[in-house]
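Derivation of every value follows stated rules applied to the coordinates shown; laboratory data play no part. Given the structure is predicted, the values throughout are model-derived calculations rather than measurements. Here Cβ is always computed from backbone atoms with ideal geometry, including for glycine, and neighbour counts include all displayed protein chains.
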Amino acid sequence: MPTTIENKNRTKHDAALRPFIHRLPLDESDPKKFRAALKNYFLSTYDRYESLFETLGCREAWYERAIPLRHPLIFYYGHTATFFINKLLLARLVEKRIDPHMESIFAVGVDEMSWDDLNDAHYDWPEVEEVQAYRDELRRIVVDIIDNAPLTLPVNWEHPWWTIVMGIEHERIHVETSSVLIRQQKLEYIQPHADWVPHQNSGKTPENSLVEIPAGAVTLGRSREGTRLYGWDNEFGSHEAEVPAFKASQLLVSNGEYLEFVKAGGYEKRKFWDEEGAEWLDYSKANQPEFWVPDGETWGLRLMTEVRDMPWNWPVEVNAHEARAFCRWKSEKTGQPVRLPSEDEWNRMVTVSGWKYGEDANLYLDHGASSTPVDGFAHGPFHDIVGNVWQWTETPIYPFNGFEIHPYYDDFTTPTFDDRHAIIKGGSWISGGNEAEPSSRYAFRRHFFQHAGFRYVVAKDAPPPPSHYETDKLLSEYAESHYGASYFGVPNFLKSLVEKALPLLGDRPKKRALDIGCASGRGTFELAKHFDFVTGLDFSARFIRHGVTLAQGDPLRYQLIKEGELTELKEVTLQELGLESTGKKVEFFQADACNLKPQFSDYDFVLAANLVDRLYEPLKFLSSIHERMVAGGILMVTTPGTWLVEHTPREHWLGGFKRDGKEVTTLDGLRVALKPHFEQIGGVSEVPFVIRETQHKFQHVLAEVSFWKKL
């Protein structure tokens, strides 16, 4: 087969590649003009994506992974087209699939994996020509919809045509992420291309300096009403904060400035790396930035299709761990509190810069297919406040107040609410559309490589800490609670709950059970002793990894704190627990209990153990869980009634407060929420559990247990 592809759609109709249109206004009132603008936006994006893959010079470039943590490039070439058809089906803009098999293999697996979660599964990838034919058919379908489908304006969040814009913006994301993978692919597999010529100017390292930013307020978030531009779910809602005064680097950190850190042995000195960063360092064996190429006494820089002499005045491109380590080194060197900015601080910088759309910046591929010098685009007192490379922040992605999941893309952001995905801001040289908007909020795991660099701040105040929900310490405490020793004569909590439920279940069918909020998964395995099949769901991918590990027959290993920095290693298997027969009867998925996918249904029994007082909107879960159950199915709810605003906004608490002078308990709230679809059965009781924090400190908690039968 041919080793490269040609964009026949473009060469047939156009002498040159269409300009990469910057953005698509959605407030056009003339349907004819809007159709024309939308089609042009779609085709310029679609052609640009196909042009990108024309840099692949041989078959190996398509089918060999550029890095172990991502799929091969053939996956991403098919993925954006199958994403389109899936969203058009949800919006009922099309009635049938193009190729169900191809849509299945290209549907999932996009997010970069962690180095301790490698997926070595074998995939029978289709040939390039097959994927190209699929893309050609998808192109025809989308153009036909834009030209001929009924249209009312404006197109907004609820409009079915929002999915068309969603598909385009999604492909623009992959224009960028796929270009990074091409940059990481073996250079001998890649060929130069006239559409992807890098910037040519470079020079010596410029001197960086600090800009004073006065204290001020930030108001972030967008309204779904009357939105003029497309946005992803995490951009909508509201967030307000007062930001203390701080200083920020005028320039992005350049290759030359970062060289000082490398020469100072920054990669060898563990004091500059936090625990997660040190783990990545152990895995990667990195001793320099990803795209730096040693060349005797000097360095080269790997671009997409070539290696050139190091442009010391271009921004360094690193992951968040490297950026954080540089800041710690800089702090030690200068004696000042240097760190990455928070998302709020970055927005204060944008305000101070005065940058507005239309002001020149290295965005939209307007200045070549690469970075440019860090002192090339002045934005008020800064340079490159947007554009050139993305800028890492310290802020883990989180939902604004009023966050809602879009019904056509319910897992765009929620899987990243895990404190391990840091927000990047500002866009890069290849960013276009939503990516290039200052309001956009993209987040990647901190070990991930993007066209991303950083600027640093000097600030007395640390940024707000991340959520407490998913720390390594907590993961180990849960593992011990689920699978470890019994303390003070208190039996295993999850095992006790299942044993308590069995008499009420009696002779009822025991085909399918759901353990929602399963955490480390012990309840899922205990239920599997009595049910034909059990699904375990949890918001945290790191928690369900415990269950997945055990179900695969591997031992689960975790460290418990003894005291201070002293720890002990624990190991457990299903066989040791007498649960070896359950491994093949369970499945685990990451899921949001307040927004479950349709596939999770027809359960005879649902266990919600200590879940409701950890949900951001528990009433959403309670008012819809009946849809997941068979008639007569049993719901078991346990809760210690630990209502905390960091987990559940005060207005969404079920109980734990006074209303009109009367106490409202969690059980009161459950009765009101479940009454339309359930009747309470059995009595209310308490089951104790113990959580070990250290060798000498424990939590002893009582969970209130109630049962509910679906009407």
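Find, among the chymotrypsin sites (Phe, Trp or Tyr not before Pro) in the stretch 486-571, those assigned to loop by DSSP (not H, G, I, E, B) with at most 15 other beta-carbon atoms within 10 angstrom.
Those that pass, being in a loop and sparsely packed, are Phe488.
Tell me, how many Å apart are the Cα centres for the stretch 549-588 and for the stretch 636-711?
First find each Cα centre; the distance between them is then 28 Å.
Using the structure shown, select from Lys356/Lys460; Lys425/Lys460; Lys473/Lys662; Lys473/Lys597; Lys32/Lys597; Lys620/Lys658 the pairs with a Cα to Cα distance greater than 32 angstrom.
Pairs exceeding 32 Å: Lys473/Lys662; Lys32/Lys597.
Between Leu619 and Arg659, what is the spin-label point distance in nm, taking each point 7 Å from the Cα along the Cα→C-beta axis?
Here the answer is 0.8 nm between the modelled labels.
The stretch 605-706: which GluC sites (Glu not before Pro) are DSSP loop and have at most 14 other beta-carbon atoms within 10 angstrom?
Counting only loop positions with at most 14 other Cβ atoms within 10 Å, the GluC sites (Glu not before Pro) in the stretch 605-706 are Glu646.
For Cys594, Cys518, Cys58, Cys327, what ranking results if the residue with the fewest other Cβ atoms within 10 Å of its Cβ goes first?
Starting with the residue having the fewest Cβ neighbours, the order is Cys58, Cys594, Cys327, Cys518.
Assuming R0 = 35 Å, can you tell me the calculated FRET efficiency for the pair Arg228 and Glu587, based on Cβ-Cβ distance, to the nearest 0.05?
The value I calculate is 0.25.
Can you list residues whose amide H is under 5 Å from Val94's amide H, if they're 5+ apart or on another chain and H is modeled 1.01 Å from N?
Leu89
Which percent, to the nearest 5, of DSSP beta bridges fully inside the chain are antiparallel?
75 percent
What does the charge count around Ala66 come to, taking other residues whose C-beta lies under 11 Å from its C-beta (Lys +1, Arg +1, Asp -1, Glu -1)?
The answer is +2.
Relative contact order of the stretch 472-710, please, whole-number percent, based on alpha carbon pairs below 8 angstrom and at least 6 residues apart.
Contact order relative to length: 20 percent.
Tell me the relative contact order for the chain as a rounded percent, counting alpha carbon contacts under 8 Å between residues six or more apart.
Contact order relative to length: 10 percent.
Cα centroid distance between the stretch 354-408 and the stretch 493-543, in Å?
The distance from the Cα centre of the stretch 354-408 to that of the stretch 493-543 comes to 46 Å.
Taking 0.36 nm per residue of sequence separation and subtracting the Cα-Cα distance, how much length would be gained by fully extending the chain between Thr351 and Glu565, in nm to one decimal?
Full extension of this stretch gives 72.7 nm more.
Please label the shape of the stretch 472-710 as rounded, prolate or oblate, based on the square roots a ≥ b ≥ c of the eigenvalues of the alpha-carbon gyration tensor (a/c under 1.5 means rounded; beyond that, a/b larger than b/c means prolate, else oblate).
In terms of gyration-tensor shape, oblate.
How far is it, in nm, from the label point at Phe488 to the one at Asn287 when both lie 7 Å from their Cα along the line to the Cβ?
5.2 nm
What full-extension length gain, to one decimal in nm, is calculated for Gln552 and His647 as 0.36 nm per residue of separation minus the Cα-Cα distance?
Contour length minus the Cα-Cα distance gives 31.1 nm.
What length, rounded to one decimal in nm, is gained on full extension from Ala241 through to Asn40, with 0.36 nm per residue of separation minus their alpha-carbon distance?
68.4 nm
Using helices alone, I'd like the mean residue ellipticity at 222 nm for the chain: each DSSP H run of four-plus residues gives -39500 (n - 2.57), total over residue count, nearest 500.
Result for the chain: -9000 deg cm²/dmol, rounded to the nearest 500.
Report, ordered by chain and residue number, the aspartates and glutamates lying within cross-link reach of Lys584, taken as a straight Cα distance under 12 Å and ignoring same-chain residues fewer than 8 apart.
List returned: Asp532.
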